[in-house]
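Every number in this text was worked out from the coordinates using simple rules, so none of it is lab data. Only a predicted model underlies this, so the values are computations on that prediction, with no experimental measurement involved. Reconstructed Cβ throughout: ideal geometry from the backbone, glycine too, with neighbour counts over all protein chains shown.
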Amino acid sequence: MQQQQELTRLEPESGPGGRVTSPELLTSDEPASAWERFQSATLSLARSGPIKDRLADAYRNHLAEVREEELPREIREEFRAVSQTLTRERPMLRGEDAVRATIRKMSNDEADSIACSVVRIFGALPHAVPAARHPTPAQVVPLYANER
């Protein structure tokens with residue numbers, strides 16, 4: 001049962017319009033860690049829909065606030081390349097930001113490549129979620145004493 005609860009908590013939830021949204025690991029006043037942001041970005045990339053929409057969602061909602069200093073040194077260069085690639089174009093249309101302008105101009109193959117980089121970075125990150133976000137599981141208490 002505990003395993004089922006754990007799986008349920010980590011599954012993405014349906015959001016408005018039936019779209020899959022990234023999970024909220026646990027509500028906390030602490031900002032999300034880089035691992036949590038990359039996990040949420042990877043889940044955004046894994047849902048259905050056009051790759052360009054998924055990539056824009058993953059970057060805008062999860063990765064744009066990641067600071068390079070939060071990442072291990074060996075991953076920073078690839079993350080910097082992803083960030084620069086996704087923000088290289090100037091907005092040309094009303095209401096458009098650099099991410100949308102860039103993704104609008106890129107090919108689906110290039111979007112696939114950037115999405116793969118995000119997943120690769122997530123896989124390389126150490127799983128170091130702060131303990132405060134994941135309380136210790138409840139202790140199992142036997143209801144009946146063992147009969148001898």
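Sequentially through region 79-93, phi angles give Karplus couplings (6.51, -1.76, 1.60; θ = phi - 60°) of 5, 4, 5, 4, 4, 5, 5, 7, 10, 7, 8, 7, x, 10, 9 Hz, Gly and Pro residues having no value and appearing as x. Between Ala46 and Glu70, the modelled labels are 2.0 nm apart [label points 7 Å from Cα along Cα→Cβ].
Rounded to the nearest whole Hz, the Karplus-based 3J(HN,Hα) values (6.51 cos²θ - 1.76 cosθ + 1.60, θ = phi - 60°) of region 64-76 follow the sequence 4, 8, 6, 9, 4, 5, 6, 9, x, 3, 5, 9, 4, with x at glycine and proline. Spacing of the modelled spin labels on Glu96 and Asp53, each 7 Å from Cα toward Cβ, amounts to 1.8 nm. Scalar couplings 3J(HN,Hα) for region 31-45, obtained by applying the Karplus form with A = 6.51, B = -1.76, C = 1.60 to θ = phi - 60°, are x, 5, 6, 4, 4, 5, 5, 5, 4, 5, 5, 5, 5, 5, 5 Hz; x denotes Gly and Pro.
Amide H contacts for Glu89 (H built 1.01 Å from N in the peptide plane; partners 5 or more residues away or on another chain; cut-off under 5 Å): Thr102.
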